[in-house]
Amino acid sequence: MNRGLLALDTVTARLGGFTLGPVSLELPSGALCAVVGASGSGKSALLQTIAGLVPVSSGTIAVDGRDLTRIPPEERGIAIVPQHYALFPHLSVQENVAFGLRARGVPAPRAREEARAALDRLEIGHLADRRPATLSGGERQRTAIARAVVLRERLILLDEPFAALDPVNRAISIEELQAIHAALGLTVVLVTHRPDEAELLGTHVAVVVGGRLAAFGEASEVFSNPPDERAVRALGLENLFPGGSVPGFAGPGPWYVPASSVSIRPAAVGQAPEGRVVLEGVVDRVQRVGPLRRVRIHGDGYRVTGYSEGGMPGIGARALALFDPAAARGVPAAGHPPSPESPCSPPAQGRVGGSRRM
């Protein structure tokens, strides 16, 4: 225990009639952990408990091995950035960033100097004299993060930072947060209701269902190998196919294929590679996710989500979804390992290569 920057050991907390936990996890320094779950699952409660805004009923919370369980929020060394950033509209960007330092008794000249340095680190020093109302969503996000960075906190908590943004600013802000995290090496816990944000941003993912962790680990592992059907559904992973619904996958199922393993291309583009499962359908959704395009097609009794490859099909266009059969796996019910009759690897045979189904 206490090997990571953030360590929760069987933490429980109560908010009215809702119980969070027990939750145990260890997050390494420099990680970005995306907390995912349905509304009311306990995502924000987990964030607030880590911050000290909700008291712990049992268990311990530690940062760098220091037990924070009974430490008040302002002494935890944790910065929380609320959903709407909580910037003071009557203060300039630099004054907003310096505010926390001034509240801690730092003399005004030094606070201004450190605030300007934090803005320069985040490449928004040119905005120092602007007011929040004149900033874009990404610029407001950087200002709020600069306010946390200037306090030299080791851990930053973000509560649904993209929820209030339009699709264009959301995509820009996701890219900017990726750049900030990579450049500064911050340790971040981010609450989101969007699994695609978690998949794109997170080095780690925590899946919350009914106040408990349904899954936790490195993002690539959780999305590729969710532990059970409950975690798959909580993650909003769409490529969950009932047994017999996909050519070549006739077992009891359900079968899960990560969206990152699925390529979507216009139906008219070339021949499908040999050895791939190929499903044909009509595009019914296109989303920009950072620099990528996430596309869903629907066919006869199934929907498939993946990422565009080459030409970009539009809504209503016919398209192909292609994936390697080895990317599919059987998913057990919650808490039950797969039985011998429900293997976690797909069958060797099946309609693959150039086959299509509509």
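Read the figures in this text as sums done on the coordinates, not as results from a lab. From a predicted model like this one, the values you see are computed outputs, not experimental measurements. A quick note on method: Cβ atoms are made from the backbone with ideal geometry, for glycine too, and the neighbour counts reach across all protein chains shown.
The listed peptides 123-129, 208-214, ordered by packing as a protection proxy, come out as 208-214, 123-129 (highest mean of other Cβ atoms within 10 Å first). DSSP beta bridges fully contained in region 6-229 are about 55 percent antiparallel. Taking Lys and Arg as +1 and Asp and Glu as -1, the other residues whose beta-carbon sits under 12 Å from that of residue 131 total -1.
The label point for residue 113 and the one for residue 184, both projected 7 Å from the Cα toward the Cβ, are 2.1 nm apart.
Counting every other Cβ atom within 10 Å of each residue's Cβ, 95, 199 order from fewest to most as 95, 199.
On full extension, the segment bounded by residue 221 and residue 168 gains 16.2 nm, given 0.36 nm per residue less the C-alpha separation.
In the chain, taking the dipole from charged Cβ atoms about the Cα centre, the farthest positive-side position among 6, 124, 89 is held by 89.
One entry in (i) 6, 28, 36, 22, 7, 1, 0; (ii) 5, 23, 31, 23, 11, 5, 1; (iii) 5, 22, 27, 23, 14, 7, 1, 0 is P(r) over Cα pairs in 10 Å bins from 0, in percent calculated from the shown coordinates; its label is (iii). Among 323, 88, 99, a tally of other beta-carbon atoms within 10 Å of each Cβ gives an order, fewest to most, of 88, 99, 323. The ranking of 305, 12, 143 from fewest to most other beta carbons within 10 Å of each one's beta carbon is 12, 305, 143.
Based on DSSP H runs of at least 4 residues, each adding -39500 (n - 2.57), what is the mean residue ellipticity at 222 nm of the chain after dividing by all its residues, to the nearest 500 deg cm²/dmol? Result for the chain, helices only: -7000 deg cm²/dmol. Potential lengthening of the chain between residue 12 and residue 293 amounts to 97.3 nm, from the contour at 0.36 nm per residue minus the alpha-carbon distance. With the simple spin-label model, which puts each label point 7 Å out from Cα in the Cβ direction, the residue 69 to residue 53 separation comes to 2.3 nm.
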